[in-house]
1. Condition first: surrounded by fewer than 15 Cβ atoms within 10 Å (Cβ to Cβ) and either on the phi > 0 side of the Ramachandran plot or not small (Gly, Ala, Ser) (or both). Now tell me which residues in region 174-185 satisfy that.
2. Taking ARG237 as the residue in question, decide whether it is at pLDDT 95 or above, within 16 Å of the ligand (Cβ to nearest atom) and more than 20 Å from the chain's Cα centre (by Cα).
3. Test each condition in (1) assigned to a helix (DSSP H, G or I); (2) among the hydrophobic types (A, V, I, L, M, F, W, C); (3) under 15 Å from ASN175 (Cβ atoms) for ALA234 and report the one that comes out false.
4. Kindly indicate which of GLU122, GLU149 is surrounded by fewer than 19 Cβ atoms within 10 Å (Cβ to Cβ) and free of Cβ contacts under 8 Å to residues at least 12 places away in the same chain.
5. Quick one: is VAL77 more than 19 Å from the chain's Cα centre (by Cα), surrounded by 17 or more Cβ atoms within 10 Å (Cβ to Cβ) and more than 16 Å from the ligand (Cβ to nearest atom)?
6. Looking at this structure, is ALA158 over 30 Å from ASN233 (Cα atoms), within 20 Å of the chain's Cα centre (by Cα), in a helix (DSSP H, G or I) and at pLDDT 95 or above?
7. Within region 192-230, how many residues are more than 16 Å from the ligand (Cβ to nearest atom) and at positive phi?
Amino acid sequence: MGLVSGLEVIEQCVSRGLVAGAFNTTNIETTMGIVQAIENTRVPTFIQCAPTNAVLSGYEYIHDMVSRRLAKVDVPVALHLDHGRTLDDVTQSLAAGFTSIMMDASGHEYDTNVDLSRKARELTPAQFALEVELGSIGGKEDDLGPEREATTDPDQVAEFVAATGCEMLAVSVGNVHGYAPDVRIDMDLLRKVQQASAVPLVIHGGSGLPRQQLGRLAEFGVVKVNVASDLRNAMIRTFGEAYAANPNEYALIRVSQQAVTAITDVVENRIRTFNPKLAR
Ligand code: 13P
């Protein structure tokens, strides 16, 4: 099937009451692990890459690797730009073949956030989905923290969604990027945000959140949950354990295959956590 648009993933999830995982990739092991989990669960999914993740390879390489692996997979998967910070990030990833876009101008004041998000909407073809962020999510991604942290104000949601023309809204409701102790979603705040608009919601920072909360997100209008740290940790842990067990290890392919399996396990576990009614 190859890549589909972000809108198609959202529409399929909304109509089937599913929550899409959105998993960050940077390399072939991570990509192979994610796609195997998608084949095992058959849930529409986003594979994503942030500008900070693309430093090593560039967007074209990520696009070619992901779309080649998906060519014979008949589950809808979109390739999403995660945390585009500039309009140039949007243009470059679209030129490389990405099919879904996030413009994250949440580090700016409200009016600039609206302005940049609207410009990103103009650059993004209508059939692709645009995700924007209101409030500013804390924590760190690839050692990069936000310029500021702020929870999403439900009173701004309807106006922001209308002004930006977005199809998905990333919210800051207690969730943070990366691992931090005792992180929880404020479910009352999430409910207020949901009641303010019909726009599908996105939760970032899926790695550190309690399982019990992650299994209820569909009831709160959430359509996409981002997960990155868990996958990276699985990969780094696999190589670290192989080296610790044998500092003379040289069978790179075998360890790479173990990393793929570890990533598949993490991703499949997350997809099933987001969708507790999924048949086995
Ligand atoms: P985690 O690293 O906490 O899973 O967050 C990932 C994320 O939100 C990517 O945008």
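1. Correct list: TYR179, PRO181, ASP182, ARG184.
2. So ARG237 fits the description; yes.
3. The one condition ALA234 does not meet is (3).
4. Working: GLU149 fails: free of Cβ contacts under 8 Å to residues at least 12 places away in the same chain.
None of the others qualify; the one that does is GLU122.
5. Numbers: more than 19 Å from the chain's Cα centre (by Cα): no; surrounded by 17 or more Cβ atoms within 10 Å (Cβ to Cβ): yes; more than 16 Å from the ligand (Cβ to nearest atom): yes.
Criteria not met by VAL77.
6. On the way: over 30 Å from ASN233 (Cα atoms): yes; within 20 Å of the chain's Cα centre (by Cα): no; in a helix (DSSP H, G or I): yes; at pLDDT 95 or above: yes.
Judged against the criteria, ALA158 is not a match.
7. 1
Let's see how each residue does on (1) buried (at least 21 other Cβ atoms within 10 Å of the Cβ); (2) polar (S, T, N, Q); (3) more than 27 Å from GLU8 (Cβ to Cβ); (4) without any contact (Cβ under 8 Å) to a residue 60 or more places away in the chain:
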site: VAL193; (1), (2), (3), (4): yes, no, no, yes
site: ARG216; (1), (2), (3), (4): no, no, no, yes
site: ALA228; (1), (2), (3), (4): yes, no, no, no
site: ILE236; (1), (2), (3), (4): no, no, yes, yes
site: GLY240; (1), (2), (3), (4): no, no, yes, yes
site: TYR243; (1), (2), (3), (4): no, no, yes, yes
site: VAL255; (1), (2), (3), (4): no, no, yes, yes
site: ASN269; (1), (2), (3), (4): no, yes, no, yes
site: ARG272; (1), (2), (3), (4): no, no, no, no
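The values are calculated or read from the model by the stated rules, or taken from the named source; none is laboratory data. Bear in mind the structure is a predicted one, so any value in this text is a computation, not a measurement. So basically every Cβ, Gly included, is an ideal-geometry build from the backbone, and we count neighbours across all protein chains shown.
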